[in-house]
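Reviewing the structure listed below.
The values are calculated or read from the model by the stated rules, or taken from the named source; none is laboratory data. Fair warning: this is a prediction, and the values are worked out from it, not measured in the lab. FYI the Cβ positions are ideal-geometry reconstructions off the backbone, even for glycines, and counts take in every protein chain you see. Only protein heavy atoms, including side chains, enter the accessible area calculation; ligands, DNA and RNA are left aside. Shrake-Rupley method; radii C 1.70, N 1.55, O 1.52, S 1.80 Å.
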Amino acid sequence: MEHTKYLVVGSSHAALEAVTAIRMHDTEGSLTLLTRDTHLPYSPTVLPYVVSGRSAPDGIFLRDEKFFADNHVALKRGKALKALHTERNAAELADGSEIAYDKILLATGAAPAIPPIPGLDQVAYHVLRTLDDATKLNAAIKQSKQAVVMGAGLVGMHAAENLVKVGAKVTIVEMAKQLTDGYFDATAAGLIEKAFTDNGATILTGSRVVKLAPSAIGATLTLENGTTLEADLLLVATGVKPNMDYLAGSPVEHERGILVSDTMQTSVANVWSAGDCAQAKGFFSNAKVMNAILPDATEQGRIAGMAMAGDPGLKKYPGGVPLNTYHFFGRHAISVGSSKAPAGAEVVTRFDEANGRYLKVIFMEGRLLGIYGVNEFFDGGVMCQLILRRVDLSSVKERFVANPLAVGRELMSKLWR
Amino acid sequence: MTTATLETPSQAKPAKQKVILCEGNEAAALGVALARPDMVAVYPITPQSSLVEHVAKLIADGRMDADIVDAEGEHSVLSVLQGAALAGGRTYTATCGPGLAFMFEPYFRTSGMRLPIVMSIVTRDGITPQSVWGGHQDAMTVREVGWVQLYCETVQEVLDTTVMAFKIAEHHDVMLPVNVCLDGNYLSYGTSRVELPGQAEVDAFMGVKDVNWHVALDPLRPMAVDPLTGGSGGKGPSTFVRYRKGQCRGMQNSLRVIEEIHEEWAQRFGRRFAPLVEEYRLDGADYAIMTLGSMTGAAKDAIDEARDAGKRIGLIKLKTFSPFPVEALLKSLKNVQALGVVDRSVGFRWNCGPMYQETMGALYRLGRHIPSMSFIGGLAGADITVGHFHRVIEATEKLMTGPAPTEPVWLNEKD
Amino acid sequence: MGRSYNTIAFDAAKCDGCGDCMTACATAKVGVGDTARSRIQVVGSADDGFELALCRQCGDPKCVTVCPAGALTKDGTSGVIDWSAAKCVDCLLCTVGCAYAGIALDAGTGHVAKCDTCAGAPACVPACPHDALTYITTSRIYNEVGDWEDLFAPGLAGCQGCNTELLMRHTLRRVGPDTVLATPPGCVPGMGSVGFNGTTGTKVPVFHPLLTNTAAMLAGIKRQYKRVGREVTALAIAGDGGASDVGFQSLSGAAERNEQILFMVVDNEGYMNTGMQRSSCTPYGAWTSTTPIGEGSRGIPSQGKTQDAKNLPLIMVNHRCEYVATASTAYMEDLYDKLDKAIQASKVGFAYLHVYSPCTTGWRFPTDQNMEVARKAVETNFVMLWEYTPGEGLRFTRPVDDPLPVTEYLKAMGRFRHLSPDQISHIQGKVVENLAFVKQMVHRASV
């Protein structure tokens, strides 16, 4: 049986950071990277831009073959993990072969969550998680005249914008009361919504698709209120769920995701997990949460790699801080930290409706909990440090709210220059 | 011991040698050229100057393929040679008197590093009083530093010994620097008939050069040369002792090697010089005088005359002064009843000549008492004439019957 | 891995927040002097001091790791984090990744923008009127040096904070293995470079010459190798005492003969290895163990050395050596440049390199202050950095036109603590005089 010291499953941000971290400490130990994707590594986050045509499909790869050769990494593409036999430290692949490992990292990411709506399985629809999904969708939007996007999360909104820009009549259907729920508040969402409607899109928030059926042009969707929508292109973007089916029958504990410690270790020896499939401590709650965002995946991947290689420089995971950026119709929205104000929090907002600029800052006992803005640029990385370091902003609060860019940099220059 | 004559040519007939007329300094230069050194470093000083001028001219004329360094002083002269020797070069220089004194720091070190450098000392008296004339004071003053010192009697011997000195120095059982001492004025400027060995024959005699096999500054075999050694702890004491003991062993080995090489020289070139101690008309002698260097010529004339007059007198001449040839000397003294020792320098501590002082050390090992006395003459270029030697012979003869004086006899005091 | 890169350095103490750097950057990068669009941002205030928001071209760049589009990459050669307009999708995740505000949105283009060091000639640096910005280009040295073999044994026993080991290792790495190294008695062999009792501290042939004959012995070595057709560098790393005092004769002789030697003097201004005694290179007023401080007699107190230092490098200039230079470990780039030139010069003649080496032990300053003391010496013109070749004459390599008062240097160490105002003004006077003297030589070279 093939044996490797480090087996990394997955090929996106968490996996790649883990590889780098392992090689920083152990330049020799055998390392195998397994991915079910047939392509070189890429980021799911870039896929909306492949859909729009802005990114060339062959220009998005995060590493090339040379990287793996230079770092003595055996890259196995098109190989899916089927089952994990932790009792004998072996990974069973979809093709039936097995790889024995000393240490394994599960960075298998997530896949679109397909809602259980009657008739959905009877119609053709798109999802957007892989490069193949993206190239298919890119081809499809050029033909689309009337499209429906189910789900107003960031993936759905990105795709909807692309469809609007190619001239399709686009309807976005979202269960929640507002779009981009969980990232931005109603005011911000309103600005985003306005940008979409100004450009001709229809947004149906608080709406639920209850039935689907094939139609002449594609699909007919029936909403909760009885309205029907015709779609020649249907995109299901209602969220993601971790890829962890291979854990069936294994003792590795998992809930919504694979449960990991502050060093990304699972409940079972020699098994680590990081990225969108991992359920790790949150920064604000200490409870284990899903924080399926790119910056967190890199952080978790690095920690997992260091822990696997036994790097003494390892520092524990501080907990996930939500970090999101969103670019729409030439405007941008940045969200750092908590988007919800817990009890006792102080919320300060600043809204320049005429210019579409909005800022919301959430403080708790003088310390920053969250900040987000639309068309209000600040350094997200600096804000994140202010949160992680729990910097007391009491004395500069007014100035901070007035100009988070300048004051944030000023604080940086004193605190962690 | 054999006597110094041309009477015994070897069985294998030596090649015919060119005969020339030259002074001692030129003979030394010719000897150097025959030995084919890689480097000669020079600094002029009377009475050595014409020697280095001859060397420079030989090089300038293409008769000698060596690098010549006109250094800024004797200290650097010897230092340059140390460097060249450590890099594998055969090296030569010459000096005397104050130059030798100035050179003393690297001079002391040469034997410790076991570098087979050859240096002529065109002997000169010590200052002060200021003097530029001959005398053995310079060479005697540095006699205790681990150099082999050979004293020549004739211009021919200067030439031959200069060549032999390289082979002695580079002998793997020796690996020590060698001084060829030729008396300032008398030998340096004394012109004489000299037979000049052929280059091919000398090349065959010298063999393959290999001078830094034991210590080198060579990137191809890097080593630290002369790390700090000694102290009272660890390997220090024993390491230091082994260095010193090795030097002493090299000195003792040289006594054998000097004899072997003089014998080989005689075989190849037909001239046999006493390597360590020469006995002259010692057969049947009851008493003897001892000499060193060029004074021996006059001494031999005086001995001949005394013998003709019926005196039972003989002569012992030292060629090898360092290491002191104790065994050879004791052999020569076997039947001697009284001894007069003539020095061309002063031993200040013992109020006698240095050779006399050294000989007294050897006499202690003889196992019987010999009355002896010290004569000091020829200082600062003064002549020691046949007449002076007759005084020496008479005084030595008196030792057979009378008391031995504790004061030295200063031969030129009333000249 | 382990590469070093050129970088823009910022001295906060010199910054007055004028913003000229930002204007220069914006002008260079977007064609207008709109400081908001500058990629270098001065932040802070006159009260609290200024700082920069500027890309640090991190070795482990977070902006690169969080970029989903592969638009940011660290250039392995220049060290600059390059941004690809073609690949960027304007997602701004990089701005979330960077904790130093080194990459930010340029509202004028809608894209992120960051410092690219203007391809190695940053426009901000010359624009700073206060020299608060410097473009440090020494990285080349460290990268190259890292590839050369360290030819000294690990663990030489120098005093804490001494720069001589650094100097020795760098020099020998640069000169390479085909070298014979002479280290006359002093700190250099004292650290163990020639070893003890049969060991060695060096991977090249090394020896103790006498304190007096370093140059002569090396001359013999070099000549012999030349004679047999081998290219070997004859290198001395000597102290100032052995070179300027008792070893001066052989040094001068070898220089006059133009022997092909690279002679480096590590000038710590005294016999430090043997207990900090005065040498002719000890400066006026300095305490040493043979110029101690005391009440004196006949009413004349003993207040340190009563003579000025001998200027050995200028004396070497008057030998018309193939190359003569002064150098300091506070200016490694300058030193390396000179070392390279000296190596080349030593292939044709005598090359002399005089390196100032503050002695933590003998000069009495804290062990972490070596480079600072070395730098202050130059910034006050107490030490001048120049080079000389017979063809080009003498020129300053780091002229200091606006020197600090010499007290800034003197107060950095204990050996000058006792100085009287008169002594200080004597030293300041000598600094001025020495500068004028060297300037005259520069002038002569230029006519």
| field | Test result for C:Arg375, open to solvent by 60 Å² or more (accessible area, probe 1.4 Å), in the same structural domain as C:Gly285 (by TED's automatic domain parsing), modelled with pLDDT of 95 or more and in a helix (DSSP H, G or I) | value | yes
| Restricted to region B:290-313, and to residues that are in a loop (DSSP other than H, G, I, E, B) and not aliphatic (A, V, I, L, M), which residue is nearest to B:Pro325 (Cα to Cα)? | B:Gly293
| field | Criterion (touching a residue at least 40 places away in the same chain (Cβ under 8 Å) and among the hydrophobic types (A, V, I, L, M, F, W, C)) met by exactly one of A:Ala186, A:Ala147, A:Ala176 | value | A:Ala147
| query | Given region C:260-371, what strands (runs of 3 or more DSSP E) lie entirely inside it while holding 2 or more residues that are buried (at least 24 other Cβ atoms within 10 Å of the Cβ)? | reply | C:262-267, C:323-328, C:351-356
| query | Given C:Thr171, C:Thr179, which one is open to solvent by less than 10 Å² (accessible area, probe 1.4 Å), of a type in the set (Val, Ile, Thr), more than 14 Å from chain B (Cβ to nearest Cβ) and touching a residue at least 24 places away in the same chain (Cβ under 8 Å)? | reply | C:Thr171
| query | Just to be sure, is A:Ser285 modelled with pLDDT under 95, assigned by TED's automatic domain parsing to the domain that holds A:Gly301, surrounded by fewer than 18 Cβ atoms within 10 Å (Cβ to Cβ) and under 30 Å from A:Pro342 (Cβ atoms)? | reply | yes
| field | Tally of residues being at pLDDT 95 or above and small (Gly, Ala, Ser) across region C:105-120 | value | 1
| said: Considering only residues that are over 21 Å from A:Ala113 (Cβ atoms) and assigned to a loop (DSSP other than H, G, I, E, B), which ones fall in region A:288-319? | reply: A:Gly310, A:Asp311, A:Pro312, A:Gly313, A:Leu314, A:Lys315, A:Lys316, A:Tyr317, A:Pro318, A:Gly319
| task | Please name all residue pairs, on different chains or six or more residues apart, with Cβ atoms under 6 Å, provided the first residue is in region A:384-404 and is of a type in the set (Gly, Ala, Ser) and the second residue is surrounded by fewer than 19 Cβ atoms within 10 Å (Cβ to Cβ). | result | A:Ser394/A:Gly366
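Okay, residues lined up against (1) touching a residue at least 12 places away in the same chain (Cβ under 8 Å); (2) within 22 Å of A:Leu415 (Cβ to Cβ); (3) open to solvent by 60 Å² or more (accessible area, probe 1.4 Å):
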position	(1), (2), (3)
C:Ala12	yes, yes, no
C:Gly17	yes, yes, no
C:Asp20	yes, no, yes
C:Thr27	yes, no, yes
C:Val32	no, no, yes
C:Arg37	yes, no, no
C:Ile40	yes, yes, no
C:Gly49	yes, yes, no
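In this structure, is C:Gly239 in contact with a Gly (Cβ under 9 Å, 6 or more places away or on another chain), more than 7 Å from chain B (Cβ to nearest Cβ) and buried (at least 24 other Cβ atoms within 10 Å of the Cβ)? Before the answer, list the steps.
Values: in contact with a Gly (Cβ under 9 Å, 6 or more places away or on another chain): yes; more than 7 Å from chain B (Cβ to nearest Cβ): yes; buried (at least 24 other Cβ atoms within 10 Å of the Cβ): yes.
In short, yes.
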| request: Go through region A:59-111 and give me each residue that's aromatic (Phe, Trp, Tyr) and part of a loop (DSSP other than H, G, I, E, B). | output: A:Phe61
| task | Would you please name the residue that is nearest to B:Ser131 (Cα to Cα), looking only at residues in region B:43-63 that are open to solvent by 10 Å² or more (accessible area, probe 1.4 Å) and in contact with a helix residue (DSSP H, G or I) (Cβ under 7 Å, 6 or more places away or on another chain)? | result | B:Ile45
| note | C:Leu210 fails exactly one of (1) over 27 Å from the mean Cα position of the chain (by Cα); (2) more than 7 Å from chain B (Cβ to nearest Cβ); (3) aliphatic (A, V, I, L, M), namely (2)
| note | Counting only residues in region C:182-200 that are closer than 16 Å to C:Ala238 by Cβ and of a type in the set (Gly, Ala, Ser), the one farthest from the other protein chains (Cβ to nearest Cβ) is identified as C:Gly186
| If we keep just the residues of region A:60-87 that are surrounded by fewer than 17 Cβ atoms within 10 Å (Cβ to Cβ) and closer than 16 Å to A:Asp132 by Cβ, which is nearest to the other protein chains (Cβ to nearest Cβ)? | A:Arg77
| task | Assess whether C:Leu93 counts as being under 20 Å from A:Leu62 (Cα atoms), facing another protein chain (nearest Cβ under 8 Å) and open to solvent by less than 30 Å² (accessible area, probe 1.4 Å). | result | yes
| query | Any idea which residue in region B:24-64 is farthest from the chain's Cα centre (by Cα), counting only those that are within 14 Å of another protein chain (Cβ to nearest Cβ) and assigned to a loop (DSSP other than H, G, I, E, B)? | reply | B:Met64
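Table: residues versus (1) open to solvent by less than 20 Å² (accessible area, probe 1.4 Å); (2) modelled with pLDDT under 95; (3) at negative phi.
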position	(1), (2), (3)
A:Ser339	no, yes, yes
A:Phe363	yes, no, yes
A:Gln385	no, no, yes
A:Ala406	no, yes, yes
| remark: Residue hits (region B:72-86; at the interface with chain C (Cβ under 7 Å from one of its Cβ atoms) and open to solvent by less than 10 Å² (accessible area, probe 1.4 Å)) are B:Gly73, B:Ser76, B:Ser79, B:Val80, B:Leu81, B:Gln82, B:Gly83, B:Ala84, B:Leu86
| field | Residue selected from region C:83-119 under the condition farther than 22 Å from A:Asn355 by Cβ and among the polar types (S, T, N, Q), by the criterion farthest from the chain's Cα centre (by Cα) | value | C:Ser84
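If you check A:Thr27, A:Thr20, which single one turns out to be part of a loop (DSSP other than H, G, I, E, B), within 13 Å of another protein chain (Cβ to nearest Cβ), open to solvent by 20 Å² or more (accessible area, probe 1.4 Å) and more than 21 Å from A:Gly78 (Cα to Cα)? First the steps, then the outcome.
On the way: A:Thr20 fails: part of a loop (DSSP other than H, G, I, E, B).
Going through A:Thr27, A:Thr20 in turn, just one is part of a loop (DSSP other than H, G, I, E, B), within 13 Å of another protein chain (Cβ to nearest Cβ), open to solvent by 20 Å² or more (accessible area, probe 1.4 Å) and more than 21 Å from A:Gly78 (Cα to Cα): A:Thr27.
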| message | With the requirement that a residue be at the interface with chain B (Cβ under 7 Å from one of its Cβ atoms) and buried (at least 23 other Cβ atoms within 10 Å of the Cβ), what does region C:213-231 give you? | response | C:Asn213, C:Ala216, C:Met217, C:Leu218, C:Ala219, C:Gly220, C:Ile221, C:Arg223, C:Gln224, C:Tyr225
| What number of residues within region C:101-152 satisfy the criterion of being open to solvent by 50 Å² or more (accessible area, probe 1.4 Å), more than 30 Å from C:Pro205 (Cα to Cα) and among the acidic types (Asp, Glu)? | 2
| field | Qualifying positions in region A:30-46 - within 16 Å of A:Asp102 (Cα to Cα) and crowded, with 24+ Cβ neighbours inside 10 Å | value | A:Leu31, A:Leu33, A:Leu34
| request: Quick one: count up the residues across region A:216-254 that are more than 28 Å from the chain's Cα centre (by Cα) and open to solvent by 20 Å² or more (accessible area, probe 1.4 Å). | output: 12
| Could you list, in sequence order, the residues of region A:165-175 that are modelled with pLDDT of 90 or more and open to solvent by 20 Å² or more (accessible area, probe 1.4 Å)? | A:Lys169, A:Glu174, A:Met175
